[in-house]
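Take a look at the structure below.
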Amino acid sequence: MALVAIVGRPNVGKSTLFNRLVGMRQAIVDETAGVTRDRHYGKCEWCGREFSVVDTGGWSSGSDDVFEEEIRKQVVIAIEEADLVLFMVEAATGVTDYDSEIADLLRRSRKPVVLCVNKVDSGAKQYDAYDFYSLGLGEIWSISAANGSGTGDLLDEIVRLLPEEKEAPDPYAGVPRVAIVGKPNVGKSSLTNALLGQERNIVTPVAGTTRDSIETYYNKFGHEFMLVDTAGMRRKNRVSEDLEFYSVMRSIRAIEHADVCVLMIDASSGMEAQDMSIFNLIQRNRKACVLVVNKWDTVAKDSNTLREYEEALRSRISPFDDVPIIFTSVLKKQRILDVLNEVAHVFGNYTRRIPTAQLNDALLPEISETPPPAWKGKYIKIKYVTMLPTRFPSFAFFCNLPQYVKDPYKRFLENRLRTHFDLTGCPIQVYVRQK
């Protein structure tokens, strides 16, 4: 997937535009310059083309900000990784020394650049934008990130300049991709080595030993997978090294390209906030998931420990709690083949097709018994249901008044689907459409 980096000096509106492109308030926006220090990642879709967007900190030099040098380094890294750079400037201030510095850097990078003049929210300010032709970066695109004017034309230009996505022939096309993800030092590389029966990946007690996403073809015990061992993903404010930034980014891309994600957590620490962040990332990308609790041998146990631990985990990951949970000790090779079996099971659920006749036979009686609540005296009648041809399980329910079917009833429909059909480990999307 192509990557677009938004760069510019502080307080020109980079985070505001980023939030508009990804469709959510993901980056903090404030009038104070220098609020953004870490990079934020999101996805944007325009005219059928999907690409990743990275928001960077503001480029400055000679300021009092102790983070200045680190921010500059991360901006350079983002430019190196990007397929296209969106250079943001501000109309009212005009061309500054910082803008000229960044323009020189972008010319040396030889990356495609789109020069975007922000805060052009009136006709009079359009004349201020023309000053930026002096940067020598070609055409300018005037926008107002706050109210969205001009962003459509800007996105058209971005999509036009993005490189064509050429799919190289893959010798393992059709083989399920399984990404092993989690925080540093939970045993991801050890699990890969144990499954392969060889020391394929370096393992040390030092967190962050794995720097890259390492792919290995696996074909044993009747299973065929492409195993992807990823770098540990820490909270962004703890990522200090340039190398680790690359590693985390590749781990995110491994999730994006996977069919099934094996999320490993440490039994002694449980499901912490960062584990939940990774789990939510898996969900947002609509990937199948298997949850592996490693180092189970280090936990003091009684007869109810496993059951109580599992109940607490399911409560933590609710509402998407229909996920297989396996308790392992990779070091002692306990239940590691159960992980493979469950991955195969979940992948089967993820790719299965349920005939329309079966869906209607199972669900329509339950829907007639528990119909959607009436809305202002209007009764909603669901006529039939079908499975959509998407890469993950999604279902369309056709009815007379789809706009009145609310989220609680959609969750009811999802629960009925899970009751009648084995969709363990898979995210489900329910659509209600006009009949």
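Before we move on, is Glu68 over 25 Å from Pro163 (Cα atoms) and under 30 Å from the mean Cα position of the chain (by Cα)? Give the steps one after another, and end with the answer.
On the way: over 25 Å from Pro163 (Cα atoms): yes; under 30 Å from the mean Cα position of the chain (by Cα): yes.
Against the criterion (over 25 Å from Pro163 (Cα atoms) and under 30 Å from the mean Cα position of the chain (by Cα)), Glu68 qualifies.
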Pairs, first on the phi > 0 side of the Ramachandran plot in segment 88-114, second assigned to a helix (DSSP H, G or I) and hydrophobic (A, V, I, L, M, F, W, C), C-beta under 9 Å, six or more apart: Gly94/Phe132
Qualifying residue in segment 260-281 (condition: touching a residue at least 40 places away in the same chain (Cβ under 8 Å), among the hydroxyl-bearing types (Ser, Thr, Tyr), within 30 Å of Glu50 (Cα to Cα) and in contact with an Asp or Glu (Cβ under 8 Å, 6 or more places away or on another chain)): no
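Taking the criterion of being within 29 Å of Ile325 (Cα to Cα), open to solvent by less than 50 Å² (accessible area, probe 1.4 Å) and of a type outside the set (A, V, I, L, M, F, W, C), would at least one residue in segment 370-390 satisfy it?
no
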From the options Tyr309, Tyr350, Tyr384, residue that is more than 30 Å from Ser190 (Cβ to Cβ) and out of contact with any Leu (no Cβ under 6 Å at 6 or more places or on another chain): Tyr384
Residue in segment 134-147 that is buried (at least 20 other Cβ atoms within 10 Å of the Cβ), part of a helix (DSSP H, G or I), at pLDDT 90 or above and touching an Asp or Glu at 6+ places or on another chain (Cβ under 9 Å) present: yes
Lys111 vs. criteria open to solvent by less than 60 Å² (accessible area, probe 1.4 Å) and of a type in the set (Lys, Arg): yes
Test: residue in segment 24-37 that is surrounded by fewer than 19 Cβ atoms within 10 Å (Cβ to Cβ), at pLDDT below 80, outside any loop (DSSP other than H, G, I, E, B) and not basic (Lys, Arg): no
Test: Glu272 is surrounded by fewer than 19 Cβ atoms within 10 Å (Cβ to Cβ) and modelled with pLDDT of 90 or more: no
Test: residue in segment 297-305 that is open to solvent by less than 50 Å² (accessible area, probe 1.4 Å) and modelled with pLDDT under 90: yes
Residues (open to solvent by 10 Å² or more (accessible area, probe 1.4 Å) and either hydroxyl-bearing (Ser, Thr, Tyr) or under 20 Å from Pro324 (Cα atoms) (or both)) located in segment 245-269: Tyr246, Asp259, Asp266, Ser268, Ser269
Given (1) closer than 12 Å to Ala5 by Cβ; (2) open to solvent by less than 70 Å² (accessible area, probe 1.4 Å), number of the condition Asp99 does not satisfy: (1)
Qualifying positions in segment 320-348 - open to solvent by 10 Å² or more (accessible area, probe 1.4 Å), farther than 23 Å from Glu308 by Cβ and in a helix (DSSP H, G or I): Ile336, Leu337, Asn341, Ala344, His345, Phe347, Gly348
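Looking at segment 286-294, can you tell me whether even one residue there is within 19 Å of the chain's Cα centre (by Cα) and under 17 Å from Tyr41 (Cβ atoms)?
yes
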Top-ranked residue of segment 156-202 - restricted to ones that are modelled with pLDDT under 80 and of a type in the set (Lys, Arg), ranked as surrounded by the fewest Cβ atoms within 10 Å (Cβ to Cβ): Lys166
Residue check for Arg250: basic (Lys, Arg), modelled with pLDDT under 90 and farther than 20 Å from Asn349 by Cβ: yes
In segment 394-435, the residues that are open to solvent by 40 Å² or more (accessible area, probe 1.4 Å), among the aromatic types (Phe, Trp, Tyr) and without any contact (Cβ under 8 Å) to a residue 40 or more places away in the chain: Tyr404
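The values are calculated or read from the model by the stated rules, or taken from the named source; none is laboratory data. Note that the structure is a prediction, hence the values are computed from the model and not measured. Positions of Cβ are generated from backbone atoms using ideal geometry, with glycine treated the same way; all protein chains shown enter the neighbour counts. Protein only, heavy atoms only, side chains kept; ligands, DNA and RNA dropped before computing areas. Shrake-Rupley method; radii C 1.70, N 1.55, O 1.52, S 1.80 Å.
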